[in-house]
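For reference, the structure is listed below as structure tokens.
The values are calculated or read from the model by the stated rules, or taken from the named source; none is laboratory data. The model shown is predicted, which means the values in this text are computed figures rather than measured ones. Every residue, glycine as well, gets a Cβ built from its backbone with ideal geometry; the counts of neighbours run over all protein chains shown.
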């Protein structure tokens, strides 16, 4: 791995960490309408990465969120892995670099991820698996606000300082055969 790629992976982890910290600070002020900035940055970068590099992004995001969250690391890994697998399915049918498609895919992925997070949180508090009252409404409000923010800021995520070496393809990969 070249030095610029290593720095780009490190800076993507830092950007996800900063986005997750901003998300936590805004949750106190906006309540259920606080966007999931961390997942938004991950999905915004994953939309422009080759599909083989998305798993590295899952590891970076898990590391960044685990530094701030109280959830188990495996639940955090599943949070990001599920969202990225959903984006991969959407990517096979639609052009996810389009802002509207990316915003809708992000909103749906955030709804699933936030529902998963609520399920993990409730299963740690209560014996058995059940969602608390209002958990789906909370996830829907977070998904809508994240989708709107992704529609407005989504294209700029690929140009965050330091992460452009990840989204750029090398000249050899662009000219080489897929086989």
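Before moving on, here are some points about what is shown:
- First in region 66-78 and touching a residue at least 12 places away in the same chain (Cβ under 8 Å), second anywhere and outside any helix (DSSP H, G or I), Cβ under 9 Å, 6 or more apart: 75/69; 76/69
- Filtering region 16-33 to residues that are in contact with a helix residue (DSSP H, G or I) (Cβ under 6 Å, 6 or more places away or on another chain) and under 18 Å from residue 69 (Cβ atoms) leaves 16, 17, 19, 20, 22, 23, 32.
- Among all positions in region 113-135, there is at least one residue which is within 22 Å of residue 46 (Cα to Cα), within 12 Å of the chain's Cα centre (by Cα) and either free of Cβ contacts under 8 Å to residues at least 60 places away in the same chain or surrounded by 18 or more Cβ atoms within 10 Å (Cβ to Cβ) (or both).
- Unique residue being closer than 26 Å to residue 25 by Cβ, assigned to a helix (DSSP H, G or I) and within 12 Å of the chain's Cα centre (by Cα) when the list is 156, 75, 107, 141: 107
- Lone qualifier among 36, 46 - being in contact (Cβ under 8 Å) with a residue 40 or more places away in the chain, in contact with a helix residue (DSSP H, G or I) (Cβ under 6 Å, 6 or more places away or on another chain) and closer than 17 Å to residue 97 by Cα: 46
- Qualifying positions in region 146-167 - surrounded by fewer than 20 Cβ atoms within 10 Å (Cβ to Cβ) and farther than 13 Å from residue 48 by Cβ: 148, 149, 151, 152, 153, 161, 162
- Filter result for residue 101 (more than 13 Å from the chain's Cα centre (by Cα), closer than 18 Å to residue 158 by Cα and at pLDDT 90 or above): yes
- Condition met for residue 61 (buried (at least 17 other Cβ atoms within 10 Å of the Cβ), within 24 Å of residue 152 (Cβ to Cβ) and touching a helix residue (DSSP H, G or I) at 6+ places or on another chain (Cβ under 8 Å)): yes
- Selection status of residue 82, within 11 Å of the chain's Cα centre (by Cα) and part of a helix (DSSP H, G or I): yes
- Taking the criterion of being touching a helix residue (DSSP H, G or I) at 6+ places or on another chain (Cβ under 9 Å) and surrounded by fewer than 18 Cβ atoms within 10 Å (Cβ to Cβ), the residues of region 93-103 that qualify are 94, 95, 97, 99, 100, 101.
- Residues in region 12-58 that are within 9 Å of the chain's Cα centre (by Cα) and not in a helix (DSSP H, G or I): 36 alone.
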